[in-house]
Amino acid sequence: MNIVVLAGGLSTERDVSFITGDNVTKALRENGHKVILLDVFMGYDEKEVELDDVFDRAEEISVKVDKIPETAPDLEAVKASRKDQSDCFFGPNVIRMCQKADIVFMALHGENGENGKIQAAFDLFGIRYTGSDYLSSAIAMDKNTSKQFFISANVPTPRGIAMKKENRIDELSKLDLTLPCVVKPCCGGSSIGVTIVRNESEFKAALDDAFKWENELVIEEFVEGREFSVGVLEGKALPIIEIAPVEGFYDYKNKYKAGSTIETCPAALSEEKTKEMQKYAEMVAEAIGLDTYSRSDFLMDKDGNLFCLEANTLPGMTPTSLLPQEANAVGVNFNELCEQLIDISIRKYNK
Ligand SMILES: Nc1ncnc2c1ncn2[C@@H]1O[C@H](COP(=O)(O)OP(=O)(O)O)[C@@H](O)[C@H]1O
Ligand SMILES: [Mg+2]
């Protein structure tokens, strides 16, 4: 097949996305496909170019990827570096190249990519892509909206409130919240802008930091305990992975710096707890409509109560990422998983 692996973009997870994209590209090439790794924002070339033999030049055209820095990328600098400086999110030739592909593998993370807008545009442009559709992506991306879906599907989730920038309240006593609490941007990812607030004096700075990224926040009760993630492929849960940061919580650095978290798969949980969490992950996928693949994050307190934090529609895809580790636990290696995601997604179009 001719495949475009779409990565980059303008989200805070731009760099992480290139690492996913690079790994998926290598795997799909090893599986025998012609694969172009393309930056959705920077595009290919500056003007409209002849694309007839574009997949024969796949390797030469593809983005070359470096190691990921420890901090989030400077997006203003990325924007300033695009030659055409147009308001179009899609870089030069991106739509035309994607239309030439048999399928686009979505290696994007964060804002555009996970929020469903690209999926909606691709539906209209007649472009096939991997993963969830526009509506379920949009629901999962918005932590306030997805929380309502968890509640109506009877999936437990930390009690929380939404706060908009224009209705900002700095005094905790005026809010229906207790300490400790967690402040996070409503539609972010990779723990960017997330703060655990233990004292009232830390609340204002936490709001300042989160509002730097977005105009809407989720503030929810802090759950002290163990952290897990559960992948779901076509409605069926994979083995659970436990994530234990060596220091602090599962923040940006701990997510992407090798050796900073201990990951155990399958997680050391009783059969009963395993089944319960897997069931919740499947219920989340069903409720939101994540019918190809997804990965949901959970916390478990000391009494064994489970809480769903969020559903990720385009989880990280490197051989050591969480979902690939879970697939590996049932004997599906990384290259096979990439191929499965293509197959599952294509099957949806053929229904
Ligand atoms: N209510 C909570 N209680 C305890 N820790 C939390 C809570 N919400 C988030 N966290 C911590 O912050 C991390 C990021 O939060 P999450 O909701 O998964 O957002 P994202 O991964 O999209 O940035 C989690 O992996 C967890 O370590
Ligand atoms: Mg998360």
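Between Thr71, Val246, Phe334, whose Cα lies farthest towards the positive end of the dipole of the chain when Lys and Arg beta carbons carry +1 and Asp and Glu beta carbons carry -1, centred on the Cα centre? Of the candidates, Phe334 comes out farthest on the positive side.
Normalised per residue, the accessible area of the chain is 45 Å², obtained with a 1.4 Å probe and no contribution from ligands, DNA or RNA. Each peptide in 56-65, 34-43 was scored by the mean count of other Cβ atoms within 10 Å over its residues; highest first, the order is 34-43, 56-65. Modelled spin-label separation between Arg57 and Asp303, with each label point placed 7 Å from Cα along the Cα-to-Cβ direction: 6.4 nm. For Lys279, a cut-off of 17 angstrom between C-alpha atoms picks up these aspartates and glutamates, skipping any fewer than 8 places away in its own chain: Glu227, Glu234, Glu242, Glu271, Asp291, Asp297, Glu310, Glu326. Normalised size of the chain, defined as Cα radius of gyration per 2.2 N^0.38 Å with N residues, equals 0.98.
Hydrophobic long helices, here whole DSSP H runs in the chain with Kyte-Doolittle means of at least -1.0 and Cα atoms spread over 20 Å or more along the helix axis, are found at 14-30, 271-288, 334-350.
As a length-normalised measure over Cα pairs under 8 Å and 6 or more apart, the relative contact order of the chain settles at 18 percent.
Residues whose amide H lies under 5 Å from that of Gly188, counting only those 5 or more places away or on a different chain, are absent; hydrogens are built 1.01 Å from N in the peptide plane. Rounded to the nearest 20, the size of the Cβ-charge dipole of region 2-129 about its Cα centre is 180 debye, with Lys and Arg at +1 and Asp and Glu at -1.
Packing, as the average of other Cβ atoms within 10 Å across residues, places the peptides 75-83, 205-213, 111-119 in the order 111-119, 205-213, 75-83, highest first. Taking 18 Å as the limit for the C-alpha separation, the pairs Lys147/Lys204; Lys204/Lys253; Lys34/Lys100 exceed it in the case of Lys147/Lys204; Lys204/Lys253.
From its DSSP helices (H runs of at least four residues, each -39,500 (n - 2.57)), the chain gives a residue-normalised ellipticity at 222 nm of -10000 deg cm²/dmol. On the chain, 49 percent of the accessible area sits on carbon and sulfur atoms, based on a 1.4 Å probe. Placing Lys302, Lys164 in order of accessible area, with the largest value first and a 1.4 Å probe, yields Lys302, Lys164.
In this simple spin-label model, placing a label point 7 Å from the Cα along the Cα-to-Cβ direction at both Lys117 and Phe249 gives a separation of 2.7 nm.
The values are calculated or read from the model by the stated rules, or taken from the named source; none is laboratory data. Not measured: the values here are computed from a predicted model. Note that we place each Cβ from the backbone using ideal geometry, even for glycine, and neighbour counts take in every protein chain shown. When the accessible area is computed, the model is the full protein with side chains, heavy atoms only, and any ligands, DNA or RNA have been set aside. Shrake-Rupley method; radii C 1.70, N 1.55, O 1.52, S 1.80 Å.
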